[in-house]
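Below you'll find the structure, written out as structure tokens, and then a few comments.
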Amino acid sequence: MALNRYGIEKFGQLRDVMVHRPDMSLPQITEDNIEYFLFDAVPDVDRYLEEHERYCALLREHGVSVHYLSDHVKRNRDLLTRLPNLAYMHDTAVISSHGAILSKMASMGRRHEEIAVREALTDLGVPILYEPCEGDSFEGCLLLSPQTVFVADTERHSRRAIERFITFILRYFDEVIYAHIPQERRFMHPDMVLNRVTDTLMVYYPPAFLETYHITGGGRREIDLLQWMKTRGIGLIPLSDREQRQWGSSFVPLKPGVIICYDISYGPETRARLEGEGVELVPFHPEALLAGGGSLRCLTMRLYRGG
């Protein structure tokens, strides 16, 4: 089966996603290995899988086609039995209109996830645009527009891998916003500090942006993110410390101005400000899913956005 369409940088209706139901791998997590597998607690497997499927049903209710990783992996099915973090599909690849940008996972408990993901994407007809070098650590970027990529120096990115990626991606995008952020788990991926709500509105966590640069083929210069976004007509809504820790910037946009988010993510002030901007929040209450320390966005590889 081929999608014959892929790419998420154009901010339209979310049409296709890929998820992974980790029914074969999740039971292997114990108190002795939760740190190795990056889980916060031993999951209640049945409840975790029930919440995962409830989330998939919510996506379908909003017109999203849900593809399962296991339906597209044949040669490397053994990986599905021993890699519980494959549930967090967004961490493993970002799908641009040029092809997939694969990750190279930083932790031993996630090594070789890209093998299963590469096979599934190939089966779906999505070409691989970029794959980090062996030995590098690179866990994703954000596509802010058809021209702009955001990449952050997180605890799961190596500087060497970032510089290689920037050099490569400027062949396909006009500019890169690069941020040096604190090397802590709470900032593990770029979408933990910044995310787009519409073409002209984003949320962000200001203290995470220690140094920010605008990079083009002509060079790089340090910028103030808030002021730079203003010059592009984009407003930024700041998140509190608690909201950032509760995945306030790690949501799933269904279309501009409509987001699926954890119902624990926002305080009254931020919720009122988002709603005042015309944003519709589609809430999802997590319980068992929280054992994995990830968001709904982490569970969701967005394959295609249409008009």
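The values are calculated or read from the model by the stated rules, or taken from the named source; none is laboratory data. Since the model is a prediction, treat every value here as computed from it, not as a measurement. Using ideal geometry, Cβ is built from the backbone for each residue, glycine included, and neighbour counts are taken over all protein chains shown. What goes into the accessible areas is simple: the full protein's heavy atoms, side chains included, and nothing from ligands, DNA or RNA. Shrake-Rupley method; radii C 1.70, N 1.55, O 1.52, S 1.80 Å.
Numbers for the structure displayed
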| quantity | calculated |
| --- | --- |
| Any chance Pro190 is free of Cβ contacts under 8 Å to residues at least 60 places away in the same chain, in contact with a Cys (Cβ under 7 Å, 6 or more places away or on another chain) and open to solvent by 20 Å² or more (accessible area, probe 1.4 Å) | no |
| Those residues of segment 95-104 which are hydrophobic (A, V, I, L, M, F, W, C) and either open to solvent by 10 Å² or more (accessible area, probe 1.4 Å) or in a helix (DSSP H, G or I) (or both), in sequence order | none |
| Residue within segment 279-301 that is open to solvent by 50 Å² or more (accessible area, probe 1.4 Å) and at pLDDT below 95 present | no |
| Pick from segment 1-59, criterion under 18 Å from Val252 (Cα atoms) and of a type in the set (Ser, Thr, Tyr), ranking: most open to solvent (accessible area, probe 1.4 Å) | Tyr6 |
| Where a residue in segment 207-234 is under 20 Å from Pro182 (Cα atoms) and in contact (Cβ under 8 Å) with a residue 60 or more places away in the chain and its partner, wherever it lies, is open to solvent by less than 80 Å² (accessible area, probe 1.4 Å) and not in a loop (DSSP other than H, G, I, E, B), with Cβ under 7 Å and at least six apart | none |
| In segment 249-277, the residues that are among the small types (Gly, Ala, Ser), closer than 24 Å to Ile8 by Cβ and touching a residue at least 24 places away in the same chain (Cβ under 8 Å) | Ser249, Ser250, Gly257 |
| Positions within segment 94-130 being in contact (Cβ under 8 Å) with a residue 40 or more places away in the chain, within 21 Å of Tyr55 (Cβ to Cβ) and touching a Ser or Thr at 6+ places or on another chain (Cβ under 6 Å), in sequence order | Val117 |
| Top-ranked residue of segment 75-94 - restricted to ones that are of a type in the set (Val, Ile, Thr) and within 17 Å of the chain's Cα centre (by Cα), ranked as surrounded by the fewest Cβ atoms within 10 Å (Cβ to Cβ) | Val94 |
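Here is a yes/no grid of residues against (1) closer than 27 Å to Phe209 by Cβ; (2) in contact with a strand residue (DSSP E or B) (Cβ under 9 Å, 6 or more places away or on another chain); (3) among the β-branched types (Val, Ile, Thr); (4) crowded, with 16+ Cβ neighbours inside 10 Å:
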| position | (1), (2), (3), (4) |
| --- | --- |
| Ala106 | yes, yes, no, yes |
| Arg110 | yes, no, no, yes |
| Pro132 | yes, yes, no, yes |
| Leu144 | yes, yes, no, yes |
| Asp174 | yes, yes, no, no |
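Yes or no, residue by residue, for (1) closer than 30 Å to Pro127 by Cα; (2) in a loop (DSSP other than H, G, I, E, B); (3) touching a strand residue (DSSP E or B) at 6+ places or on another chain (Cβ under 8 Å):
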| site | (1), (2), (3) |
| --- | --- |
| Arg5 | yes, yes, yes |
| Lys10 | yes, yes, yes |
| Asp16 | yes, no, yes |
| Asp32 | no, yes, no |
| Glu35 | no, yes, no |
| Ala41 | no, yes, no |
| Arg47 | no, no, no |
| His52 | yes, no, yes |
| Tyr55 | yes, no, yes |
